[in-house]
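Notes for the one structure printed next.
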Amino acid sequence: SLQFDPEVPRRRSRPRPDRIRRYTDFLVGQKVMASDEEWVLYYWGPPPGGKPFPGRGEFIRLIFEETGVKFREVGDHKVLLEMFFSKAQEGTKQEGFPHFAPPLIQKGNFRLSQTPVICSYLGKQFGLWPESEDDQWHADQLNKTIHDFIGEGRLAFHGRNPVESYYTQKEETQPYIDRFVKTRLPRWLAHLEATLKANRGGQGFLIGDKLTYVDLALLHVLRATESQFPEAWAANDSIPLLKAFKDRISARPNLAAYFKSDRCIPFEGNSMM
């Protein structure tokens with residue numbers, strides 16, 4: 001990840017205005033740091049004193065990893081806070097086309113945010129795109145369904161405040177988690193099982209006869225579900241196609257190598273993240 005200017009003095013002296021301007025340009029004008037050929041992913045790295053987590057960035061990493069497209073990741077919290085949450089970045093004051101929060105991808109001067117939009121865009125760029133127009137729209141539908149699923153799962157861990165840490169509301173939000181596992185999780189998985197089965201009996205992919213970006217999105221939410229709710233996952237005998245799908249897609253050479261590598265971040269343990 002990007003590092004701060006090593007020339008910044010350690011003593012508590014008054015910062016020089018020219019150095020502040022240079023540093024702000026370095027943080028906010030990130031387009032100068034990415035070549036026209038380099039893909040960059042901006043997403044949260046481990047917080048100070050905390051553990052790393054794959055989060056929503058994992059949807060995007062799986063596309064890069066499966067296709068073998070190299071990318072660089074920027075996860076420094078101070079850099080991302082300056083990019084997305086400083087006063088200079090509010091509303092129309094944000095440089096270029098505004099973006100609300102990470103994840104964000106960049107190539108040259110082009111930037112794009114919103115995880116499902118990024119996945120769809122990269123799918124089209126890298127050949128993970130359905131052939132027919134009908135299939136393209138069904139893929140779009142599934143893409144949004146999958147992200148709704150993990151979004152609802154995450155909210156169950158933040159029942160009091162959706163933007164506060166799970167660890168500040170563990171006791172208060174436990175009833176929401178219990179309800180999600182009991183009533184909502186089975187319904188989501190049953191729908192995804194039926195959707196997979198609708199395409200050639202569920203023995204291949206979600207759409208058509210080749211891998212698309214929505215297969216990778218489904219793989220991620222299934223891995224997140226198994227990690228977050230292992231007992232509910234193991235006890236659910238009504239989703240054999242989903243379980244076989246997860247194992248089958250995970251075994252693809254590039255993905256299998258990624259899951260065994262140090263690049264693959266273990267799940268953090270809450271919020272399906």
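Observations on the model:
- Residues that are farther than 12 Å from Trp188 by Cβ and of a type outside the set (Asp, Glu), drawn from the stretch 130-146: Pro130, Ser132, Gln136, Trp137, His138, Ala139, Gln141, Leu142, Asn143, Lys144
- Residue in the stretch 188-206 that is without any contact (Cβ under 8 Å) to a residue 12 or more places away in the chain, farther than 17 Å from Leu241 by Cβ and open to solvent by 20 Å² or more (accessible area, probe 1.4 Å) present: no
- Within the stretch 255-268, the set of residues being more than 15 Å from His220 (Cα to Cα) and open to solvent by less than 70 Å² (accessible area, probe 1.4 Å) comprises Ala257, Ser261.
- The stretch 35-62 residues that are assigned to a strand (DSSP E or B), paired with ones that are small (Gly, Ala, Ser) and open to solvent by less than 50 Å² (accessible area, probe 1.4 Å) (beta carbon under 8 Å, 6 or more apart): Val40/Ala34; Leu41/Gly57; Tyr42/Gly75
- Hits in the stretch 23-34 (condition: part of a helix (DSSP H, G or I) and at pLDDT below 50): Tyr23, Thr24, Asp25, Phe26, Leu27, Val28, Gln30, Lys31, Val32
- Put simply, of Asp247, Asp262, Asp209, Asp178 the only residue that is without any contact (Cβ under 8 Å) to a residue 40 or more places away in the chain, over 28 Å from Lys51 (Cα atoms) and acidic (Asp, Glu) is Asp209.
- Against the test of being closer than 22 Å to Gly50 by Cα and surrounded by 17 or more Cβ atoms within 10 Å (Cβ to Cβ), the options Arg154, Arg160 yield a single qualifying residue, Arg154.
- Index of the failed condition, Ser238 passing every other in (1) surrounded by 13 or more Cβ atoms within 10 Å (Cβ to Cβ); (2) in contact (Cβ under 8 Å) with a residue 24 or more places away in the chain: (1)
- Glu172 being under 27 Å from Phe126 (Cβ atoms), open to solvent by 10 Å² or more (accessible area, probe 1.4 Å) and in a helix (DSSP H, G or I): no
- Qualifying residue in the stretch 94-107 (condition: under 15 Å from the mean Cα position of the chain (by Cα), part of a helix (DSSP H, G or I) and crowded, with 17+ Cβ neighbours inside 10 Å): no
- Of all residues in the stretch 137-169 being in a helix (DSSP H, G or I) and small (Gly, Ala, Ser), the one that is nearest to the chain's Cα centre (by Cα): Gly151
- Conditions (1) in contact with a Pro (Cβ under 8 Å, 6 or more places away or on another chain); (2) at pLDDT 95 or above; (3) open to solvent by 50 Å² or more (accessible area, probe 1.4 Å); number of the one not met by Arg61: (3)
- Qualifying residue in the stretch 4-22 (condition: among the charged types (D, E, K, R) and at pLDDT 95 or above): no
The values are calculated or read from the model by the stated rules, or taken from the named source; none is laboratory data. Only a predicted model underlies this, so the values are computations on that prediction, with no experimental measurement involved. All Cβ positions, even for glycine, are placed from backbone atoms using ideal geometry, and neighbour counts span all protein chains on display. Surface accessibility is based on the protein's heavy atoms, side chains included, excluding ligands, DNA and RNA. Shrake-Rupley method; radii C 1.70, N 1.55, O 1.52, S 1.80 Å.
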